[in-house]
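None of the figures in this text is laboratory data; all of them are computed from the coordinates on show. Because the structure is a prediction, the values reported are computed rather than measured. Every residue, glycine as well, gets a Cβ built from its backbone with ideal geometry; the counts of neighbours run over all protein chains shown.
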Amino acid sequence: HGIKAVLLFGIPATKDECGGQAYHDHGIVQVATRYIKQHFPEILVVADTCLCEYTSHGHCGVVEGEKILNDESFELLVKTAVSQAKAG
């Protein structure tokens, strides 16, 4: 029967305030997704679209002082989802 699906969480080598590796074309989840889909096209790949594992502060969005900036965070989450979808 084998593996039917995987859920990917990214652990980047570097982190920054805005979680740039989450939506980078060569981010760890994007690279892993392309590899899996190239070698095992029948496997369903599900990717975590959160920013917390990519940000230096560990929050799921853009932080300014003590506030999370929702609009800016949403834009980065959209960029992440699009980048992941393009990867496969």
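In which sequence would Y54, Y35, Y23 go, from the one with the fewest C-beta neighbours within 10 Å to the one with the most?
In order of increasing Cβ crowding within 10 Å: Y35, Y23, Y54.
How much mean residue ellipticity at 222 nm does the chain get from its helices, if each DSSP H run of length 4 or more adds -39500 (n - 2.57) and you divide by all residues, to the nearest 500 deg cm²/dmol?
Mean residue ellipticity at 222 nm (helix-derived): -11000 deg cm²/dmol.
What distance in nm separates the simple spin-label points at V31 and V6, each placed 7 Å from Cα in the Cβ direction?
Result: 1.3 nm between the two label points.
Amide H to amide H, which residues 5 or more places from L8 or on other chains are under 5 Å from it, using H placed in the peptide plane?
Answer set, sorted by chain and number: V46, A47, D48.
Taking Cα centroids, how far is the stretch 1-23 from the stretch 25-88 in Å?
7
Mind checking the chain for GluC sites (Glu not before Pro) that DSSP puts in a loop (not H, G, I, E or B) and that have at most 16 other Cβ atoms within 10 Å?
E17, E42, E66
Taking Cα atoms, how many degrees apart are the long axis of helix 70-87 and the longest axis of the chain, rounded to 10 and kept between 0 and 90?
20
Within straight cross-link reach of K79, meaning Cα distance under 15 Å, which aspartates and glutamates are found once same-chain residues fewer than 8 apart are removed?
Correct list for K79: D25, D48, D71.
In degrees, nearest 10, range 0 to 90: what is the angle between the Cα axis of helix 28-39 and the longest Cα principal axis of the chain?
With rounding to tens, the tilt is 10 degrees.
Restricting to the chain, what percent of DSSP beta bridges are antiparallel, rounded to 5?
40
With a cap of 10 neighbouring Cβ atoms within 10 Å, and only residues DSSP puts in a loop, list the trypsin sites (Lys or Arg not before Pro) found in the stretch 2-88.
K4
Only one of the values (i) 101; (ii) 84; (iii) 93 was calculated from this structure for volume of the Cα convex hull per residue in Å³; name its label.
(ii)
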